[in-house]
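Q: Sharing a structure with you now.
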């Protein structure tokens, strides 16, 4: 048999999830590819199920994603224990038949969906991994998502972008076969479409830059942590870094090499993922992984990234790192005493960390309880803001920790009667399970110490560019759990 | 938009495109409509051909200045040709479009309408994409242009569209040539092109035969019989081919990641199976690809892994690939759907040395506990990620069973704690149903992966019972869970749950759930507690639904064998229940229990047949009547057969002839179609049948969902003169293909020819055509037609020529031209708009001679 490999999509949808409305959603955009549909009919044979109209598709998809209102009653076809889905690929029941595979996910209230072509019969179902259209379909949806949510602030902007989508998709995917998933890039470049396309011009780079050569490199690290203050559970923390570059250089195929360096005793970078424009990668960088225990022999740079830059700003690489201590170590003790909660929070900034925050706050939410009716507290530093209805305390620590580097808060909180619509259910914070979440940002600083040395940036075949570098550290999912009650643990916490 | 409206719109659209008053922007919008709905706008072949021609006319008549219309016009013309099924050597529009596209793609001057050459450049890429789409739909179409494409790739021109086009057509040509046994001679020689001469359709016509439904195939590298095995290129040809592939791979970096992935899949599948073509060509690309996090690229690497196995991936490479996959499956910088896909890839990893059966999810051999541990689930994960990781954890547990016995924190203990955490969340009042669903899905996954491991099953059973105690409203989930799991978990869980329900005082709010639960778990033994619970519950059952729930438990107990206590309870219920319907039921159950022995009781309670009767409250009026409710299984005292074909109304109708061997009353015949080929069939009822007395024929209307023959299962339910109700399965009936035939309305005199030709022409864009030799017996064509096809003849010139049109419900047709009959047979040209009908029609025609 001729196994065709066209890797095409039969249709694409964008659906807005609108809970509370009669249909619970509306189709905001859809595009069908009739030439691909024609092939689907031939290849799928008797197992062919046509791409449905928007209405039935919407209904079936929302049902399958459990996004229809009213999960009051048990519905076997949705809630059965054997109806297990472990991927973003679904089969939708439609008039006695099943449309499969439907690639779909929900992000920021929008459902992104597409149906890739499967170039064989569908019964029995071929393994997902053998269908090239699955990753192509997902990639297109990611591209659309990036385009819609990049610097988008309100509904008006979303509508503008949705109105641009048909034209952009005509370029990115004219016949259902994806040519370029970088939709944003297509828009940016549509302004200066090149008249000639010289040889060796990468398809991901339209046009050339004219002007002063400059290279900008930003390293943004996020630090996550789970702290328990318990004997049998280890605290965990992890740094996740993203290096963003913008290279304004003349010439089409200018080669650039950027090196990231660490100070002596810096924590090695691990789990390095690079942008596809990186031309080669040292094997030490390819294998360095957080899965292994860190030892002294681990590769610690410099990390060289040779590449040909695209025109737009792009993420050169992502990495993770395991620093020896968390930047802020704390404990949280919360106890229910009759009608009130007694709380105590203690935070300590590690001495090695730059004590100069853009901001630093500790959020102390109280879930599955009523509004705060009464509060008595003492803070050793900073101020406390109370959001009574939301059941939230915000401890504003400010720009600097005091000289002692250690601060504390203690108090008692009383709650009113619970009303379900105002204090939403939280599935983790049940009973005494509770957390303090830290939010902070430090500019011109990375926790790993990772930096891009201006002198190490090599640009071949172009004048000496102006090079600017930026760094910042941001908290992300930085939790300190109540040590007086059970807390969700990860496997790592038990084995470290 | 379908139907006549669409066609009107199609006409308007084409004329609007020529309207000089409309702006370019409007016309672009019109064209985008034609890109999405060409088959609604131009539904048949001739309309599509005309539309494509018209679009091409608009294109060449554009004034020689830049215009936004050229690109969408090319795309639209391509779409229309494909969806209309017109693409082919006989289509004028195809023969205009193809050279134009190839000219544009190769950067040649194609004429005034496209302005100076410099302005044709931007269209190069579009032309390549159009050609690629046409090649996808008609493999081999560009077989004659491979040399040209390759030389273009070496010169100038957009690298991505040319690379993809060349890779696709190279692959198609190789496959088709290997089928036909031809050599690669000249395939890749540059300079050979169809640019000037007529288009070469040879390969495309051979390729068309192969574009048919495919069996699932993700071939392992060990499997033989892949498409290219027959092709053994000569050393020069192999060198040439390798050079072309290397050229494509070298430039692949310049393609967008999604296009790189497409190229790798194509080239991988091209080289795979070609003898003497080592896949080492791909090796230089792998390190670069493995460094990225691009979903499409890693997926393509996995495809290469599946295609070449250890010929491309050493054990170390395989380990590295797994490591990168594991890393990507959890990298904090990647989105959830990507994580999920990589987790899936891990569970379906194409191994170098597969051990287990294919298609079964398993952890890869080289995925050791260390790698696995980084993918462990936690309560903080999204439900889908949690389930995927839980699956891995189960596999890890299964492997580590023997080890780590003394260890405090084994994966087993972690698994147990995780399940306990899930149950705790599901147990909280007011928590969303999704959490309960997740908890039961996780329990089910564990139960199915670790079946037989008491270490995990015992705490699971007790945990679930505890969950039920905390939140009885989860009863439907538990009932569903019990339905799905095997007896080794189900049976002990049932006992614990029964204990859980009956050992607690009856409380109003949860009674509904307790009764639902008991109906599932109540069993013959340990009845005393159950009965006293039910007795206590009866006083709380104040509304109809609760009483029904209570009675359902009684029914379940009845089915499990009843017992003395139950008789007493039913008697009490028959007196005490407020609702008359409830009392009736209780009395009926009591009667059944008191009067029937075990086996008969079982038959009487068979839910499929007895349930409707049991619901009747009339029965209670006459207690002696209960015996008539027993349904007896008997051999059939009737014979049923399919009678002569008859045409009646707009649906095919099966004429049935029935004969009774003994007198029967109130016969109901129930029919079921195997395989859901037809819509459910209604029952046929006959009040009285007597042997020897001729019975009227019965008519069974069929509502086919597909035009296909089928078997009907038949069951009869009837009463005997003694008043017993009997049930008998009858031998299945066959519905033949010809039983589905319906005539077209007879066209008025004089226009038969036109009518038939119109039907004939309308078949082809979508359907299929064939020729069959229909052998004729001694009776000749005329008799054959009059016997079998008379009602469908549209035009007849006896004794040699007949035009026959047959409607095939639900929505297809079959047309036959029987022309120039000879003594021993007649050539039949047949067309249909539904290709699936073709083999059936062929069999039917060939079989005609044997039948009367």
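A short reminder: the numbers here are calculations on the coordinates, not readings from a lab. Everything quoted here is computed from the prediction, not taken from an experiment. Neighbour counts run over all protein chains shown; Cβ positions are idealised from the backbone, glycine included.
Q: As an exercise, find the ratio Rg/Rh for chain A from alpha-carbon atoms, using the Kirkwood inverse-distance average for Rh.
A: 1.00
Q: Using the per-residue mean of other Cβ atoms lying within 10 Å as a proxy for protection, in what order, highest first, do the peptides A:37-43, B:539-545 fall?
A: Descending packing order for the listed peptides: A:37-43, B:539-545.
Q: Most exposed first by the Cβ proxy, i.e. fewest other Cβ within 10 Å, how do B:751, B:28 rank?
A: Listed from fewest to most nearby Cβ atoms, that is B:751, B:28.
Q: Can you work out the FRET efficiency for the pair residue B:528 and residue A:26, with r the C-beta to C-beta distance and R0 = 45 Å, to the nearest 0.05?
A: The calculated FRET efficiency here is 0.20.
Q: Which whole-number percent of Cα pairs in segment A:6-45 have a distance greater than 14 Å?
A: 58
Q: I would also like to ask the following. Mind pulling the angle between the C-alpha long axis of helix B:70-83 and the longest principal axis of chain B? Nearest 10 degrees, somewhere in 0 to 90.
A: In chain B, helix B:70-83 runs at an angle near 60 degrees to the longest axis.
Q: What distance in nm lies between label points placed 7 Å from Cα along the C-beta direction at residue B:466 and residue B:753?
A: Each label point lies 7 Å from its Cα, and together they span 8.9 nm.
Q: While we're here: Computed FRET efficiency, Cβ-Cβ of residue B:787 and residue B:29, R0 56 Å: what is it to the nearest 0.05?
A: About 0.45, to the nearest 0.05.
Q: Same structure, new question: In deg cm²/dmol, rounded to 500, what helix-only [θ] at 222 nm does the protein assembly as shown give when every DSSP H run of at least 4 residues adds -39500 (n - 2.57) and the total is split over its residues?
A: The per-residue figure over the protein assembly as shown is -12000 deg cm²/dmol.
Q: Averaged across B:328-340, how many Cβ atoms of other chains sit within 10 Å of each residue's Cβ atom?
A: Rounded to a whole number, the mean comes out at 6.
Q: Given the peptides B:813-823, A:302-312, arrange them by the average over their residues of other C-beta atoms within 10 Å, most packed first.
A: Ranking the peptides B:813-823, A:302-312 by packing returns A:302-312, B:813-823.
Q: Could you please rank B:756, A:299, B:341, A:142, placing first whichever residue has the fewest other Cβ atoms within 10 Å of its Cβ?
A: Neighbour counts put them in this order, fewest first: A:299, B:756, A:142, B:341.
Q: Length gain on complete extension for the stretch residue B:454 to residue B:572, per 0.36 nm per residue less the alpha carbon to alpha carbon distance?
A: Fully extending the segment from residue B:454 to residue B:572 adds 38.2 nm.
Q: Which residues does a label at residue B:734 reach in segment B:683-712, if reach means a backbone N under 13 Å from a point 7 Å past the Cα toward the Cβ?
A: Residues passing the 13 Å test: B:709-712.
Q: Sticking with this one: Quick one: divide the alpha-carbon radius of gyration of segment B:632-737 by 2.2 N^0.38 Å and tell me what you get.
A: 1.08
Q: State, as an integer percentage, the relative contact order of chain B based on alpha-carbon contacts under 8 Å between residues 6 or more apart.
A: Computed over chain B, the figure is 5 percent.
Q: Over all residues in A:162-175, what is the mean tally of Cβ atoms on other chains that come within 10 Å of each residue's Cβ?
A: 3
Q: Please report how far the C-alpha centroid of segment A:83-116 lies from that of segment A:448-489, rounded to the nearest whole angstrom.
A: Result: 36 Å between the Cα centres.
Q: I would also like to ask the following. By how many degrees, 0 to 90 and rounded to 10, does the Cα axis of helix B:257-271 deviate from the longest principal axis of chain B?
A: Relative to chain B, helix B:257-271 is tipped by roughly 90 degrees.
Q: Using the basic label-point model (7 angstrom from Cα toward the beta carbon), what is the residue B:57 to residue A:283 distance in nanometres?
A: With each label point 7 Å from Cα toward Cβ, the separation is 6.6 nm.
Q: Now for a different question. Residues of A:27-35, mean number of Cβ from any other protein chain within 10 Å of their own Cβ, rounded to a whole number?
A: Partner-chain Cβ atoms within 10 Å, mean over residues of A:27-35: 4.
Q: Still on this structure, I have one more. Distance from a point 7 Å along Cα→Cβ of residue B:236 to each backbone N in segment B:133-154: keep the residues under 18 Å and list them by number.
A: Answer for this model: B:147-148.
Q: With the crude spin-label approximation of a point 7 Å out along Cα→Cβ, what separation in nm comes out for residue A:188 versus residue B:679?
A: 5.6
Q: Using Cα atoms only, what is the angle between the long axis of helix B:752-763 and the major principal axis of chain B, expressed in degrees (0 to 90) to the nearest 10?
A: Tilt relative to chain B: about 90 degrees.
Q: Now for a different question. With the contact rule set at Cα under 8 Å and sequence spacing of 6 or more, what percent relative contact order holds for chain A?
A: 15
Q: Ranked highest first by the average count of other Cβ atoms within 10 Å around their residues, in what order do A:236-245, A:206-215 fall?
A: A:236-245, A:206-215
Q: With Rg and the Kirkwood Rh both taken from Cα atoms, where does Rg over Rh land for chain B?
A: Here Rg/Rh amounts to 1.05.
Q: R0 = 41 Å: FRET efficiency of residue B:797 with residue B:19, Cβ-based, nearest 0.05?
A: Approximately 0.25, to the nearest 0.05.
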